[in-house]
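All of the numbers you see were taken from the coordinates with simple rules; none came from a lab. This structure is a prediction, so every number in the text was calculated from the model and none was measured. Neighbour counts run over all protein chains shown; Cβ positions are idealised from the backbone, glycine included.
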Amino acid sequence: MRLNAGCELLFEATEPSPLILMLRPRGGGQTIVQENYQLDPPVPIADYVDSYGNQCQRLLVPEGQLRVSSTAIAETTDSIEVQFGAPFVPVQDLPADTLQFLLPSRYCQADLLGRLASEIVGDIESAYDQVDAIRHWIHTHIEYRYDTSDASTSAVETEKTRVGVCRDFVHLGLALCRSLSIPARMVVGYLYQLEPMDLHAWFEAFVGDRWYTFDPTQPAPRGNRITIAHGRDAADVALATQFGCLNLTEMKVWVDRDSP
């Protein structure tokens, strides 16, 4: 399916303030047909690629308002690939670039959730099936509810409270997978027909010989996704990192079907 997706952000600064944005789609299986990036008022911007391969933009926001609009037309697949039975990859055989996604991180205390992970997977042997069991457990045991977590909420806290939003679901999934020595990384982007519409988060796990997509907010695998960025947790994939006297006051997100 061809999708027209984008977001519009409005910032207000009381003095010139640095800003790092991560809004341009990358990889993830989609094909970007067209992309547009606008700043009002126009501000000099410098592009760079971070250590995870994400496309970033840095700029100095002038005093007053700055409106940022990022849009993309992308060809996406209607379904995501699944591979039940895909085996566990021993740590010594994992590709070097997956090893960083085994470690505990700021929001994903993998070293504290091993017992729960073992209870969830039980006697399941296949690594893919283990990750899917974790996805299913989160979907059925954690309630999706706004205003129940904040930017500091971790996987351990979500497991205790049993409520959260997509970011919290993903952090818990990451921590549980890593506790079983399965590399897992956070992904942010767009999902067609997400309700309510917003930027979305899911995770990928490395099993067999590749990364596979898992979304604990959804009851079944869904395609039509546009990936923006991936990293160890939310600290690596913030779509806007603000410094100084700068506030995000408005945000609008859309994902529509586009006709070629």
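Computed quantities for the displayed model
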read-out	value
Antiparallel content of DSSP bridges confined to the chain, in %, to 5	95 percent
Expected-Rg normalisation [2.2 N^0.38 Å, Cα atoms] applied to region 158-260	1.17
Tail weight of P(r) past 21 Å, computed on alpha-carbon pairs of region 61-213, percent	48 percent
Debye, to nearest 20: dipole size of the chain, +1 on Lys, Arg Cβ, -1 on Asp, Glu Cβ	80 debye
For peptides 14-21, 42-49, sequence by mean Cβ density within 10 Å, most packed first	14-21, 42-49
Difference of contour (0.36 nm per residue) and Cα-Cα distance, Ser69 to Asp40	9.6 nm
Span per principal axis, largest first, for the Cα atoms of region 36-134 (Å)	58, 34, 25
Estimated 222 nm signal from helices in the chain, with DSSP H stretches of n ≥ 4 weighted -39500 (n - 2.57), rounded to 500	-5000 deg cm²/dmol
Centroid-to-centroid separation of region 222-249 and region 76-141 [C-alpha atoms, Å]	23 Å
Extension gain from Ala238 to Glu143, taking 0.36 nm per residue of separation minus the Cα-Cα distance	31.9 nm
Two-site FRET efficiency, Glu15 against Trp254, from Cβ-Cβ distance with R₀ of 25 Å, rounded to 0.05	0.20
Separation of the Leu103 and Gln83 label points, Cα + 7 Å toward Cβ, nm	2.6 nm
